[in-house]
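The values are calculated or read from the model by the stated rules, or taken from the named source; none is laboratory data. What you see is a predicted model, and the numbers here were worked out from it, not measured in a lab. Neighbour counts run over all protein chains shown; Cβ positions are idealised from the backbone, glycine included. All accessible areas refer to the heavy atoms of the entire protein, side chains included, with ligands and DNA or RNA removed. Shrake-Rupley method; radii C 1.70, N 1.55, O 1.52, S 1.80 Å.
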Amino acid sequence: MSTPVLRVTDLRKSYGAIQAVGGVSFEVRPGEIFGVIGPNGSGKTTLFNCMLGQITPDAGRIELNGDDVTKLGPLELNRRGVGRTFQTLQVFGKMTVRENLIVAAQEHQGTMWSRMFAPGDSGLGPKADALIDQFRIRHVADKKAGTLSYGQQKLVDIGMAFMSDPDLVLLDEPCAGVNPSLVSGLSSLLKDLNRTRRGSFVVIEHNMDFVMDLCHRIMVMVEGKVMAIGTPAEIRANKQVLDAYLGN
Ligand code: ATP
């Protein structure tokens, strides 16, 4: 079997007496969309922040494509192929959609600040245009991002994460703030990106219909621990999960 893109082994992180993540282990396979669900305070964000190098776990191991990356910071992880989207929008409102995408790739290459003072797309235009077409936002490509609807800005935000051709994208509540009528379109887009760009995704999300529709496998966290990992059908049928979480 091929090496997992991500392997997390017995990860632990406490804040004083609060054990936010208490011995979590899982693997994400190449090309897999892996969902992380759980009630508020179950440790999802802490787990994400460990995987992104934003906080150092107290114990445990994180491997990316077989390499130990447990102690690496966000920049190094980004260079090694980890992309992310945030719960809140990170677009530059005064730049056009196309410029936002180009700057995201320059940031990944470490050339952003020099390029921002020297206009030009540094050869990244065709890549931005391919994403603009895939995201179906051609009609707003030359508009300033700040003038777009929240849903459109969210698409730009997600597009920015894909400009660096990541192996692994961590999506933090992609549905947050998105109009419910656009959620199924977002799911289709992410499935299309997953199919055409070969990356693996880890998605934290509270919208259960979205998670069940999008993800190949789902991990349920409760009180910092893994309650279950399985396909959407297995998770829906898991009595312990129903009692503790889904049945509420
Ligand atoms: P939500 O769904 O509400 O975002 P979550 O599943 O992401 O919740 P975390 O934010 O990881 O959960 O929090 C897990 C536990 O750790 C909670 O009890 C939280 O109060 C605690 N916690 C998280 N970050 C800190 C911190 N910086 N300092 C102290 N306690 C923290």
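Overview of results
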item	result
Helix-derived mean residue ellipticity, 222 nm - over the chain, DSSP H n ≥ 4, -39500 (n - 2.57), to 500	-9500 deg cm²/dmol
Solvent-accessible area of residue 45 with every protein chain in place, 1.4 Å probe, in Å² to the nearest 10	70
Mean Kyte hydropathy of -1.0 or more with a Cα span along the axis of at least 18 Å, helices from DSSP in the chain	97-109, 150-162, 183-197
For the chain: relative contact order, % (alpha-carbon pairs under 8 angstrom, 6 or more apart)	27
Calculated on alpha-carbon atoms, Rg and Dmax of the chain in Å	18.2, 58
Gaussian network model of the chain, springs between alpha carbon atoms under 10 Å - residue of 51, 227, 163 with greatest fluctuation	227
Trypsin sites (Lys or Arg not before Pro) within the stretch 166-216, DSSP loop, no more than 16 other Cβ atoms inside 10 Å	198
Accessible surface of the chain, 1.4 Å probe, proportion on carbon and sulfur as whole %	51
Accessible area per residue in Å² at 1.4 Å probe, computed on the chain	47
Loop-located trypsin sites (Lys or Arg not before Pro) in the stretch 51-110, at most 16 other Cβ atoms within 10 Å (DSSP)	71, 80, 94
Residue 243-residue 40 FRET efficiency (beta carbon distance; Förster radius 22 Å; 0.05 resolution)	0.80
Subset of 191/225; 44/144; 94/154 violating a 26 Å alpha-carbon distance limit	191/225; 44/144
